[in-house]
Amino acid sequence: MRGQYTLEYKPQVVRQVRDGQAISVVAKVLGVPKASLSNWVRLAAKGQLASAGDVQNARAVTPEQALLARLRAEVARLRMERDIAKKAAAYFAQDTLRGTPGSTK
């Protein structure tokens, strides 16, 4: 069964991508097919995100579901930032160790 999303939901998801989130991350966190999200982003860039067919197929998203989706995306963003910080710390720690006397290069 294909997922059906409201006209309010799609721009919220697209906004997360425009705010710097990777399409693959947003799609995975929200459970939206990556191809669908890519299409929404492309359509939004053209100003064609809302179409007549969407109104008939839209299902209601409760405020709780919207909040949950936003929080999941934020958690994914924070995890990504944490992972980047861990990798940077490991890189600089390794670089520091290489510069100490007695270490092998």
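None of the figures in this text is laboratory data; all of them are computed from the coordinates on show. Remember, it's a predicted structure, so these values are computed and weren't measured experimentally. Don't worry about glycine lacking a Cβ; one is built from the backbone with ideal geometry, like all the others, and counts go over all protein chains shown.
Things worth noting here:
- Ordering of 66-72, 83-89, 8-14 by burial proxy (mean other Cβ atoms within 10 Å per residue, highest first): 8-14, 66-72, 83-89
- Taken along the Cα-to-beta-carbon direction at a fixed 7 Å, the label points for D95 and R70 span 3.8 nm.
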